[in-house]
Amino acid sequence: MVEGGCKSRMNIEALEVSLLISLIIFSIIAVESESLIRAVFGLLGFIISLSIIFILLYALHVGLMLLLIYAGGAIALLMLVIMMTNRREE
């Protein structure tokens, strides 16, 4: 039984490390992107990864609020504002 518990913990740690790496990648995409839509999707990926980390750390309410408020409402509002603005042609 000890081996199974240790193996399960190692899998969770590997998942946490991969989520942290995805946080770094999505934050770089959100900040360095030339396209606003790509930046918003980078922010969306960042928020989803962060909420999964909170859920893995047993902060279920914080993770769900991140998903509902930020990933649901704020991203939809940002996409709406970007789509409604007039683009200048350069």
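The values are calculated or read from the model by the stated rules, or taken from the named source; none is laboratory data. Note that the structure is a prediction, hence the values are computed from the model and not measured. Note that we place each Cβ from the backbone using ideal geometry, even for glycine, and neighbour counts take in every protein chain shown.
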### Message
Being surrounded by 10 or more Cβ atoms within 10 Å (Cβ to Cβ), part of a helix (DSSP H, G or I) and more than 17 Å from the chain's Cα centre (by Cα) narrows it down to one residue among Ile48, Ile82, Ile24; which is it?
### Response
Ile82
### Message
Any residue in region 20-38 that is without any contact (Cβ under 8 Å) to a residue 24 or more places away in the chain sitting within a Cβ distance under 7 Å of a residue that is in a helix (DSSP H, G or I) and among the aromatic types (Phe, Trp, Tyr)? List the pairs, counting only those 6 or more apart or interchain.
### Response
Phe26/Phe46; Ser27/Phe46; Ala30/Phe46
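Evaluate region 56-64: report whether one residue or more is touching an Asp or Glu at 6+ places or on another chain (Cβ under 7 Å) and either in contact (Cβ under 8 Å) with a residue 24 or more places away in the chain or in a helix (DSSP H, G or I) (or both). Break it down stepwise before answering.
Pass one, region 56-64, residues touching an Asp or Glu at 6+ places or on another chain (Cβ under 7 Å): 56.
Add one more test, that the residue is either in contact (Cβ under 8 Å) with a residue 24 or more places away in the chain or in a helix (DSSP H, G or I) (or both), and what stays is 56.
Among the residues of region 56-64, at least one is touching an Asp or Glu at 6+ places or on another chain (Cβ under 7 Å) and either in contact (Cβ under 8 Å) with a residue 24 or more places away in the chain or in a helix (DSSP H, G or I) (or both), which makes the answer yes.
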### Task
Name the one entry in Ala39, Ala76, Ala14 that is surrounded by 14 or more Cβ atoms within 10 Å (Cβ to Cβ) and either touching a Leu at 6+ places or on another chain (Cβ under 8 Å) or in a helix (DSSP H, G or I) (or both).
Ala39
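This table checks each residue for (1) modelled with pLDDT under 90; (2) under 28 Å from Ile82 (Cα atoms); (3) of a type in the set (A, V, I, L, M, F, W, C).
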residue: Glu3; (1), (2), (3): yes, no, no
residue: Ala14; (1), (2), (3): no, no, yes
residue: Ser18; (1), (2), (3): no, no, no
residue: Ile28; (1), (2), (3): no, yes, yes
residue: Glu32; (1), (2), (3): no, yes, no
residue: Leu43; (1), (2), (3): no, yes, yes
residue: Ser49; (1), (2), (3): no, yes, no
residue: Tyr58; (1), (2), (3): no, no, no
residue: Gly63; (1), (2), (3): no, yes, no
